[in-house]
Amino acid sequence: MDVNEIIKPENLVYGKPRLMNDNAMHYCPGCSHGVVHKLVAEVIEDMGMEENAIGIAPVGCAVFAYNYIDIDWLEAAHGRAPAIATAVKRLNPSKMVFTYQGDGDLAAIGTAETIHACNRGENIVIIFINNGIYGMTGGQMAPTTLEGMVTSTCPYGRNVELNGYPLKISDLVAQLDGACYVTRQSVHTPAAVRKAKKALRQAFENSMNHKGASLVEIVSTCNSGWKMTPDQANKWMEQHMFEKYPLGDLKNE
Amino acid sequence: MKEEIIIAGFGGQGVLSMGKILAYSGLMENKEVSWMPSYGPEQRGGTANVTVILSDERISSPVLNTFDIAIILNQPSLDKFESKVKPGGILIYDGYGIHHAPTRKDIEIYSIDAMNTAIEMNNSKAFNMIVLGGLLKIRPMVTLENVLLGLKKSLPERHHKLIPMNEQAIKKGMEIIKRV
Amino acid sequence: MAEEIRLMKGNEAIAHAAIRCGADGYFGYPITPQSEILETLMELKPWETTGMVVLQAESEIAAINMVYGGAGCGKAVMTSSSSPGVSLKQEGISYLAGAELPCLIINVMRGGPGLGTIQPSQADYFQTVKGGGHGDYRLITLAPASVQEMADFVGLGFELAFKYNNPAIILADGVIGQMMEKVVLPPFQKRRTEEEIRKNCPWAALGKTADRKRNVITSLELDPAVMEENNIRFQKKYKIIEKEEVRYEEINCEDADYLIVAFGSMARICQKTIEMAQEQGIKIGLLRPITLWPFPSQAIAAYTDKVKGIISVELNAGQMVEDVRLAVNGKVKVEHFGRLGGIVPTPDEVLSAIKEKLM
């Protein structure tokens, strides 16, 4: 059978979203970012918002998110994406504005911007990839690094006396009157991916219905940073990350 | 004409707003004006002062080292600005809270019992307008009519009902100022 | 009909002018001596009239990043602060310059370093014209010397920022921000529609339409060869600005024996110094740079053969004097006089300094 006989629409069982371009991703094999990128692209497409979506990329592994999803983007300074999204949305209320941030960006250097954008009830979506480590800079401790977890800046394991406790920032955001939807999801199984997509869809709809700020935390793996195989990383996440960061809605109003 | 004026006293005495009304009055007379306040925490209880310049010509510096007229409303301001009045200039002070009266012989010195008068009028807020009245008696640099127009311009509409009271205070000040 | 002459503070004039110039957004954080800008905008509620967005941010850092967001959409957006707050904004300013975004920043300077004082200063000259943030970049710097110029430079600042896709900054100080003077406000201009922005700023991230590639607002380029090209492009742009946009004012400079170079509030004070000097038969001229970058080097150099000495009078320990010296390249004596930490010298102090240092 010739290959062209196989590539026919009726044989198509899976396709990548049109908004995902063909640029080779810089993410490590096994990384959660690729899956979440795909979900974001799918949701934008499903909602027919290709021409109205504006993304704010962070500093961190997802700094190059703008290379993969074919919409307009602004690349933020480290931690400042929610402030940028605030202005983009307020100046363009008909656009669908979201940030895409990691744990260092959102929960360390950008804590103030995260809390205040959510507290003001900005009609934006914050997508928060929490893998408990700084991936881009080579595996340093993040605010969300688990107690005892080894990173290059806590090589003997996170010691709470020295480094404080893992920060459950989504729980903090859920306390804010301006946040309408705070949920914690993952993308390590097909079922989880489907749920995460639903959560993203709801968050984006909230923003277009001007319901306030929505934060979707995706508890993720960083198999490179964690020094595991992708498979081991998924298992380790289930065993350890979910205990500290349990999945499910923290707030849904 | 050009009048370079310093108004100095405690914050809360209405020093800055008195200067503002004077500046607005100058505006009504199509004069060039500048109003340069001391600013910051002084506004709330420390010493406050404002430099007001009214002139027929373009004003160069809004910050000055000597003045044609000094209006002095407390002792620290008298200590600071008595020496800054140009020879032949005018110093107006309210004796309330002044322990050491001005001593210069080469300037005209006037006193105005504005604080006590304001208390008598049962309206401490009229204090700065009484002082302004005294100034305009000595140096009618702007007409009363234009002062009232200036008041109207500088006050938010909800305060316009206070204008007659201010007019009364200005007239009172014109009566009670006296040469020392 | 002629526009009404009003009396207002420099800070208030900026707020009024912003609305009238068709600004799309203002993002700020309170700090003395410039809080009247945010206060006046909140009082005027332009969102109900022109649709301008006004927001009190949680920090100066957030405010400048909101400006980055708005500017990235091609909107005319601005922020204002005073020295310590402007230090906080430097990261964002560097990103704005690196992403070649137009915006307007206002610094109503106060005395430093550190928390310093709230009194007037010009000690942020270096920070403003020599960088401030990281990297090789320049800010178009306008130095108003009157309340009228505070109002006028809002429109001019936006015009230059959009002409060159570069941040512009109004470098004022506590004197100009806090003083009241007569001012004629600029006429009302409509805010640009999204269609106009898409046409005039094709780079703006306003949502990708099918007829173009995606727009990405970024200062990031990991390939050093490309990053060098970007920098070379910036430098070419800066050269054009240096050629085209120098602005200055000369007062009493013809047949002057001595030249004062001063900007902003100091230029006003020095005008009085010149008047006092005239009465004493001393001929002093004033060259007032209106743009601090690009700096009027050639205009100053033209005086090297004409005057016996130049003095740079600044509310700092000697910053602009370095650019004056570079301009004359050793051909005439250049001295500096300044007061520090929020003290504003009086006109006679300046005259004494000129006598002592140049005569």
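The values are calculated or read from the model by the stated rules, or taken from the named source; none is laboratory data. The structure presented is a predicted model; accordingly, all values stated were derived computationally and were not measured. As a convention, Cβ positions derive from the backbone with ideal geometry for all residues, glycine included, and neighbour counts pool all protein chains shown. Each accessible area value is taken on the protein alone, full model and side chains, heavy atoms only, with ligands, DNA and RNA left out. Shrake-Rupley method; radii C 1.70, N 1.55, O 1.52, S 1.80 Å.
Give the dimensionless ratio obtained when the Cα radius of gyration of the protein assembly as shown is divided by 2.2 N^0.38 Å. Against the empirical 2.2 N^0.38 Å value, I get 1.12 for the protein assembly as shown. The loop-placed chymotrypsin sites (Phe, Trp or Tyr not before Pro) in segment A:1-109, going by DSSP, that have at most 11 neighbouring Cβ atoms within 10 Å of their Cβ come out as A:TYR14.
Residues whose amide H lies under 5 Å from that of C:HIS336, counting only those 5 or more places away or on a different chain, are C:SER312; hydrogens are built 1.01 Å from N in the peptide plane. In chain A, the portion of solvent-accessible area held by carbon and sulfur atoms comes to 54 percent [1.4 Å probe, whole percent, DNA, RNA and ligands not counted]. Between segment A:237-253 and segment A:19-69, the alpha-carbon centres lie 23 Å apart. Taking the longest Cα principal axis of chain C as reference, the axis of helix C:224-244 is set at about 50 degrees. Look at the stretch C:202-214: the mean tally of other chain Cβ atoms within 10 Å of its residues' Cβ atoms is 5.
Output the direction-averaged projected area (hull surface divided by four) of the convex hull of the alpha-carbon atoms of segment B:2-179, in nm². Don't skip to the end; give the middle numbers.
Details: hull surface 38.2 nm².
Computing the convex hull of the Cα atoms and averaging its projections yields 9.6 nm².
Between helix C:147-164 and chain C there is an angle of about 50 degrees, using the helix long axis and the longest principal axis of the Cα atoms.
What does the charge count around C:VAL108 come to, taking other residues whose C-beta lies under 14 Å from its C-beta (Lys +1, Arg +1, Asp -1, Glu -1)?
-4
Rg over Rh for segment B:8-79 works out to 0.98, both radii taken from alpha-carbon positions and Rh defined as the Kirkwood radius. Taking only Cα atoms and a 10 Å spring cutoff, compute GNM fluctuations for chain B and point out the largest among B:LYS153, B:LYS125, B:LYS105. Fluctuation is largest for B:LYS105.
Local charge for A:GLY178 was computed over the other residues whose Cβ lies under 15 Å away, with Lys and Arg +1 and Asp and Glu -1, and equals 0. Once you reduce segment B:1-74 and segment C:288-359 to the center of their Cα atoms, the two points are 29 Å from each other. Considering every alpha-carbon pair of segment B:127-180, the percent of pairs per 10 Å bin, from zero through the bin containing the longest distance, is 26, 54, 17, 2. In the context of the full set of protein chains, segment C:262-342 has a per residue accessible area of 36 Å² (1.4 Å probe).
Rounded if a/c is under 1.5, else prolate if a/b beats b/c, else oblate: with a ≥ b ≥ c from the C-alpha gyration tensor eigenvalues square-rooted, which is segment C:1-41? Oblate, since a/c reaches 1.5 and b/c is not below a/b. Rounded to the nearest whole Hz, the Karplus-based 3J(HN,Hα) values (6.51 cos²θ - 1.76 cosθ + 1.60, θ = phi - 60°) of segment A:203-217 follow the sequence 4, 5, 5, 3, 5, 6, 8, 6, 8, x, 7, 10, 10, 10, 8, with x at glycine and proline. Please give me, ordered by residue number, the GluC sites (Glu not before Pro) of segment C:254-303 that lie in loop per DSSP and have at most 14 other Cβ atoms within 10 Å. Within segment C:254-303, the qualifying GluC sites (Glu not before Pro) (loop, at most 14 other Cβ atoms within 10 Å) are C:GLU254. Place +1 on the Cβ of every Lys and Arg and -1 on the Cβ of every Asp and Glu in the protein assembly as shown, take the dipole about the Cα centre, and give the residue among A:LEU91, B:LEU135, C:TYR125 whose Cα lies farthest towards its positive end. Working it through, the farthest residue towards the positive pole turns out to be B:LEU135. Taking Cα atoms only, the orientation of helix C:83-98 departs from the longest principal axis of chain C by about 60 degrees.
In the context of the full set of protein chains, segment B:77-157 has a per residue accessible area of 49 Å² (1.4 Å probe).
Which of rounded, prolate or oblate describes chain A when judged by the alpha-carbon gyration tensor and an a/c cut-off of 1.5? Oblate is the answer for chain A, as a/c is 1.5 or above yet b/c matches or exceeds a/b. Placing unit charges on the Cβ atoms of the charged side chains and taking the dipole of chain C about its Cα centre, the candidate lying farthest along the positive direction among C:ILE176, C:ILE19, C:GLN34 is C:ILE19.
Restricting everything to alpha-carbon atoms, can you work out Rg to Rh for segment A:193-241 with a Kirkwood hydrodynamic radius? Radius of gyration over Kirkwood radius for segment A:193-241 works out to 1.17. Summary value for segment C:249-358: 29 percent relative contact order, contacts being C-alpha pairs under 8 angstrom separated by 6+ residues.
Mean silhouette area of segment C:105-248, derived from the convex hull of its C-alpha atoms and averaged over all directions, reads 11.7 nm². Residues in segment A:189-196 carry Karplus couplings, in order, of 9, x, 5, 5, 4, 4, 5, 4 Hz; the curve used is 6.51 cos²θ - 1.76 cosθ + 1.60 with θ = phi - 60°, and Gly or Pro positions show x. Solvent-accessible area of segment C:5-194 (1.4 angstrom probe, protein heavy atoms only): carbon and sulfur portion equals 52 percent.
Under a 5 Å amide H cut-off, with hydrogens placed 1.01 Å from N, C:GLY285 pairs with C:ASP257, C:TYR258, C:LEU259, C:ILE260 among residues at least 5 apart or on other chains.
Each Lys and Arg contributes +1 and each Asp and Glu -1, all at the Cβ; summed about the Cα centre of segment A:26-252, the dipole is approximately 260 debye. Pairs exceeding a 23 Å alpha-carbon distance, out of C:LYS283/C:LYS333; B:LYS105/C:LYS272; B:LYS152/C:LYS9; B:LYS84/C:LYS9: B:LYS105/C:LYS272; B:LYS84/C:LYS9. Its Cα centre serving as origin, the protein assembly as shown has a Cβ charge dipole (Lys and Arg +1, Asp and Glu -1) of approximately 600 debye.
Scanning residues 5 or more positions from C:TRP293 or on other chains, those with amide H under 5 Å from its amide H are C:THR141, with H placed 1.01 Å from N in the peptide plane.
Heavy-atom accessible area, probed at 1.4 angstrom with all protein chains present, ranks A:HIS37, A:HIS240, C:HIS134 as C:HIS134, A:HIS240, A:HIS37, highest first. Working note: Karplus 6.51/-1.76/1.60 with θ = phi - 60° gives segment A:102-113 the couplings x, 6, x, 5, 7, 10, 10, 5, x, 4, 4, 5 Hz, where Gly and Pro are set to x.
In a simple Cβ point-charge model (Lys, Arg +1; Asp, Glu -1; nothing else charged), chain C has a dipole of about 620 debye relative to its Cα centre.
Other protein chain C-beta atoms within 10 Å of residue C-beta, averaged over B:60-71: 6. Mean-square fluctuations from a GNM of chain B, with a 10 angstrom spring cutoff on Cα atoms, peak among B:SER154, B:SER61, B:SER111 at B:SER61. Summarising the overall dimensions of chain C from its C-alpha atoms, the Rg and Dmax are 20.6, 72 angstrom.
Only protein heavy atoms count here, probed at 1.4 Å, and on that basis chains C and B bury about 2200 Å² of accessible area in total.
Mean residue ellipticity at 222 nm, helices only, chain A: -8500 deg cm²/dmol; runs of at least 4 DSSP H residues each add -39,500 (n - 2.57), and the sum is divided by the number of residues. Which shape class applies to segment C:26-161: rounded if a/c is under 1.5, otherwise prolate when a/b exceeds b/c and oblate if not, where a ≥ b ≥ c are the square roots of the Cα gyration tensor eigenvalues? The shape class here is rounded.
Excluding same-chain neighbours fewer than eight residues apart, the lysines reachable from A:LYS16 by a Cα-Cα span under 26 Å are A:LYS8, A:LYS38, A:LYS95, A:LYS195, A:LYS197, A:LYS198, C:LYS208, C:LYS213. Ordered by 1.4 Å accessible area with all protein chains kept, A:HIS116, B:HIS99 run largest first as B:HIS99, A:HIS116.
Separation of segment B:100-141 and segment C:146-196 by C-alpha centroid, Å? Cα centres, segment B:100-141 to segment C:146-196: 41 Å. Among the trypsin sites (Lys or Arg not before Pro) in segment C:169-215, those located in a DSSP loop and surrounded by at most 14 other Cβ atoms within 10 Å of their own Cβ are C:LYS190, C:ARG212, C:LYS213.
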